[in-house]
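*Asks:* Have a look at this one.
The values are calculated or read from the model by the stated rules, or taken from the named source; none is laboratory data. It should be emphasised that the depicted structure is a prediction, and the values quoted were computed from it without experimental measurement. Heads up, the Cβs are rebuilt from the backbone with ideal geometry, glycines too, and the neighbour counts pull from every protein chain shown.
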Amino acid sequence: MTKLEHLYRIPESTKLSNLVLLADGLLSISAEYGCTAHGELMDSEVYVYYRNCSIGENLFELEELEEKGLRVHLVNGFGGEDAESILEEAGKYAVRVLDELRQYVLLTRTTGIEYVLLVLRTGEVYIAEGGFGKVVLPYVKEAILEAHTHPGTCLPSARDCSEMAFRFMDGLYASGIVGVGCTLLIYRTGPVTEEDVERLLRLREVLENNLTLGQVRLGNIKMEISIP
């Protein structure tokens, strides 16, 4: 029997991808050129405001946005938002994208089969059927968001936490778990540090002691638990 597999695009996944690519580009520009770099996304136009540095007309840090058809404008001056604020905004779209998994939670609860969702850097959403009690897929470096269903709560397993830590170190923006009664979203608001990785590895222990609704900041990692 063929396993379920879908590849499609929704407005929320496109916006999520564009915001993350912009924010990561700003972080790279700041690190490479010593700039103060802010950005603004307006439909198919991207504005990058930079100060206190000299940069060229073409920046490899923004090539992915241009490849997606967005026009990038470089402005020497003030404007836009910093990378942290843009990554915070991206979190709102990540939550909406996770709703795409909600329809599979009942199947996971009744069959034990988990389902995975990826948002790729292109803005496409990929949903696939996993295995019994787990999702086994090749590591997809092009994913900016990874999520899967749970048959019970959205509490991550120890394996979930260790895999999350590895993925965030390699540039992942967000990870999520959609359970029967709650949704967990974990995303970064800046470069992930060694301390952030240690917090992720201890995340299950923290949540077991205090699985409550709302937002919690753990260094450059932010965690949000919500109900459907």
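*Asks:* Tell me, which residue of segment 36-52 that is part of a strand (DSSP E or B) and either charged (D, E, K, R) or assigned by TED's automatic domain parsing to the domain that holds residue 189 (or both) is nearest to residue 78 (Cα to Cα)?
*Replies:* Checking each candidate, the answer is 51.
*Asks:* Kindly check whether there is at least one residue in segment 15-28 that is over 16 Å from residue 144 (Cβ atoms) and not assigned by TED's automatic domain parsing to the domain that holds residue 129.
*Replies:* No.
*Asks:* What number goes with the only condition from (1) within 20 Å of residue 29 (Cα to Cα); (2) at pLDDT 95 or above; (3) not small (Gly, Ala, Ser) that residue 64 does not pass?
*Replies:* Of everything listed in (1) within 20 Å of residue 29 (Cα to Cα); (2) at pLDDT 95 or above; (3) not small (Gly, Ala, Ser), residue 64 misses just condition (2).
*Asks:* Here is a further query. Look at residue 89 and say whether it is touching a Phe, Trp or Tyr at 6+ places or on another chain (Cβ under 8 Å) and acidic (Asp, Glu).
*Replies:* In short, no.
*Asks:* When you scan segment 60-92, how many residues do you find that are within 17 Å of the chain's Cα centre (by Cα), under 14 Å from residue 121 (Cα atoms) and not small (Gly, Ala, Ser)?
*Replies:* 2
*Asks:* Residues in segment 26-35: is at least one touching a residue at least 60 places away in the same chain (Cβ under 8 Å) and either outside any loop (DSSP other than H, G, I, E, B) or surrounded by 14 or more Cβ atoms within 10 Å (Cβ to Cβ) (or both)?
*Replies:* Yes, segment 26-35 contains a residue that is touching a residue at least 60 places away in the same chain (Cβ under 8 Å) and either outside any loop (DSSP other than H, G, I, E, B) or surrounded by 14 or more Cβ atoms within 10 Å (Cβ to Cβ) (or both).
*Asks:* Would you check which residues across segment 44-54 are in contact with a helix residue (DSSP H, G or I) (Cβ under 9 Å, 6 or more places away or on another chain) and closer than 17 Å to residue 23 by Cβ and list them?
*Replies:* Result: 46, 48, 50.
*Asks:* Quick one: which strands (runs of 3 or more DSSP E) lie wholly within segment 58-134 and hold at least 1 residues that are farther than 30 Å from residue 35 by Cα and without any contact (Cβ under 8 Å) to a residue 40 or more places away in the chain?
*Replies:* 113-120, 124-132
*Asks:* Would you say residue 140 is among the β-branched types (Val, Ile, Thr), at pLDDT below 95, under 20 Å from residue 188 (Cβ atoms) and outside any strand (DSSP E or B)?
*Replies:* The answer is yes for residue 140.
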